[in-house]
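The values are calculated or read from the model by the stated rules, or taken from the named source; none is laboratory data. Treat the numbers as computed from the prediction; the structure is a model and nothing was measured. Note that each Cβ is placed from the backbone with ideal geometry, even for glycine, and that neighbours are counted across all protein chains shown. We work out accessible area using only protein heavy atoms, side chains counted, and drop any ligands, DNA or RNA first. Shrake-Rupley method; radii C 1.70, N 1.55, O 1.52, S 1.80 Å.
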There are 2 protein chains.
Amino acid sequence: MKKCISPLIAVLIATASMNAAAQQAPKPEQQIKWRQSVYQVLAWNQARIKANVEGTFNKEEVIRAANSTAAIANSGLGALYGPGTESGKGWRETTVKPEFFSDSKGAAEVAISFTREANELARVAATGDVALVKAQFGKVGQACKACHDDYRKKD
Amino acid sequence: MKKCISPLIAVLIATASMNAAAQQAPKPEQQIKWRQSVYQVLAWNQARIKANVEGTFNKEEVIRAANSTAAIANSGLGALYGPGTESGKGWRETTVKPEFFSDSKGAAEVAISFTREANELARVAATGDVALVKAQFGKVGQACKACHDDYRKKD
């Protein structure tokens, strides 16, 4: 399975970004740094779940990682893709493609897909069923990949 | 991913993480990068809650930010302070003090305090009571500061 750095890119838009903009928006560089950090935290959670489904399965650790993933997915990531963040440097230069901003329908779709799969992962993690977690983890990975394929430049 | 369980490493990680399951530990630099990212995501959530309690209060946004904060606090952050992470570079050089590793009782206390206050923040956010959120947001800030004062080098 491919390593999924994190999908959120998309996530954002879907909803609440508009209303974050109503408050004073953080500077573009700050938004980029925060979203790059978000994807790293998602990557950490993915790595932990991967280790659990491939090795010794610790239900509690998987629940923690899945809940963190879902909470982040639900947290309104679109707010970190505000005006002026199409290029620029956070921790490093952003790798987002211009299409992410111009193709709002497609971007919304990958965001919604990621959020849906992340929430489902949290749901199945709570059951402790390893096979279900493994299958759903794969779907989250596919949601990550769909966004990366279309909207993330190669490193 | 290979399962590697050196008993010593397992014990150290489990200790540091207050009971995270020890699969193969990620490299120290990776752990440092992930934990630095975790703090940035927490900072983003804090900034959003601050903007809401000081400006126009959007209950749904506060809930999202508080839930994300709590889920991260509950997610077993100790696992990112494994052996070899006392110094080194993630996104940048770590600013953790050696005391964080030598004073395990004190480190556990600040970790428990932060987790408790973050969970309480998620609870009061769900009520939509601005005054309660504001007061609890202050307590989360105090928990952050207590750890920074004792265990984080100045930038």
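Details
- Where B:Thr95 falls short, out of the listed (1) modelled with pLDDT of 95 or more; (2) open to solvent by 50 Å² or more (accessible area, probe 1.4 Å); (3) among the polar types (S, T, N, Q): (2)
- Which numbered condition B:Trp91 misses (of (1) more than 10 Å from chain A (Cβ to nearest Cβ); (2) of a type outside the set (D, E, K, R); (3) assigned to a loop (DSSP other than H, G, I, E, B)): (1)
- Scanning the range B:1-32 for residues that are assigned to a helix (DSSP H, G or I) and modelled with pLDDT of 95 or more returns B:Pro28, B:Glu29, B:Gln30, B:Gln31, B:Ile32.
- Selection of the range B:48-66 for residues being facing another protein chain (nearest Cβ under 9 Å), open to solvent by 40 Å² or more (accessible area, probe 1.4 Å) and closer than 17 Å to A:Trp34 by Cα yields only B:Arg64.
- Boolean, B:Arg116 is more than 20 Å from B:Ser37 (Cβ to Cβ) and modelled with pLDDT of 95 or more: yes
- Odd one out for B:Gly84, checked against (1) in a helix (DSSP H, G or I); (2) surrounded by fewer than 22 Cβ atoms within 10 Å (Cβ to Cβ); (3) modelled with pLDDT of 60 or more: (1)
- Hey, A:Ala79 free of Cβ contacts under 8 Å to residues at least 60 places away in the same chain, at negative phi and surrounded by 24 or more Cβ atoms within 10 Å (Cβ to Cβ) or not: no
- All told, B:Arg35 falls short of being outside any loop (DSSP other than H, G, I, E, B), open to solvent by 20 Å² or more (accessible area, probe 1.4 Å), at the interface with chain A (Cβ under 9 Å from one of its Cβ atoms) and charged (D, E, K, R).
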